[in-house]
Amino acid sequence: MKLIVKNLSKKINNKVIFSNISFEIENGILLIRGKNGSGKTTLLKIIAGFERKTKGDIIYDDISKFEISYLGHKLGLYPELTVYENLKFFSNEKNFMKLFEYFELVNFLEYKVKYLSRGNIQKAAIVRALIKDAKVYLFDEPFVSLDEISKRKLENLIMEYSNDKIFIITSHEDNLFKSFPHQLLILDQ
């Protein structure tokens, strides 16, 4: 299993978002950092197949589009449903209860999403993304709104999962994964 990006470029209305991005990853973590507007979210959306590239190639070696899990800025949860109803919609209870315990969300299962704190909504969305049995996880700013304990828990979980999965993560934070192996891509346009 491998994801290869070759000379990927994106233009919108004659504005270059990014150009000639290349990387190769097989099992592990690619951290993408850059300023707002540098194209981090756009790059993830192109890899996920939600947006078209201007030029370049993406090679999904032994990866189908159905084996990609995406966590974006819109967290993919229904505000009028309870946390439990949201997760039940995406998976069976066995898949997500362990993660809910890990992120200390069990007491919030019967809360409607709209009544949760921003940090707990983020954790519920992370669980939603992780319960999909994917080969590639695309996480756009997953550490936003998390307290330090939750950030470390997510970091440790990603490290554990990345032994046989690919994680591509955007972040503004410089101190992520400092003690763990990962690739780094900096977008600076």
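Each reported figure results from applying straightforward, stated rules to the coordinates on display, with no laboratory input. Treat the numbers as computed from the prediction; the structure is a model and nothing was measured. Using ideal geometry, Cβ is built from the backbone for each residue, glycine included, and neighbour counts are taken over all protein chains shown.
Here are the numbers for this structure:
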item: Whole-number percent relative contact order across the stretch 2-186, with pairs defined as alpha carbons under 8 Å at least 6 apart; result: 31 percent
item: Percent of beta bridges antiparallel (DSSP, the chain, rounded to nearest 5); result: 40 percent
item: Order of 47, 166, 12 - criterion: other Cβ atoms within 10 Å of each residue's Cβ, fewest first; result: 12, 47, 166
item: Listed residues 38, 170, 134: farthest to the positive end of the dipole of the chain (Cβ charges); result: 38
item: Local electrostatic count, residue 62, Cβ distance below 13 Å [Lys/Arg +1, Asp/Glu -1]; result: 0
item: Lysines whose Cα lies under 21 Å from that of residue 2, excluding same-chain neighbours fewer than 8 positions away; result: 40, 45, 53, 55, 65, 132, 135, 165
item: Label point 7 Å beyond Cα of residue 160 along Cβ direction - residues of the stretch 110-127 with amide nitrogen under 17 Å; result: 123-124, 126-127
item: With at most 11 other Cβ atoms within 10 Å, longest stretch of the chain clear of loop trypsin sites (Lys or Arg not before Pro) (DSSP); result: 75-177
item: Debye, to nearest 20: dipole size of the stretch 84-162, +1 on Lys, Arg Cβ, -1 on Asp, Glu Cβ; result: 180 debye
item: Footprinting exposure proxy for 64, 19, 162 (fewest neighbouring C-beta atoms within 10 Å first); result: 64, 19, 162
item: Point-to-point label distance, residue 2-residue 115, nm (Cα→Cβ direction, 7 Å offset); result: 5.1 nm
item: Sorted by Cβ density within 10 Å, fewest first, the residues 172, 182, 73; result: 73, 172, 182
item: Between the stretch 161-188 and the stretch 1-77, the alpha-carbon center distance in angstrom; result: 14 Å
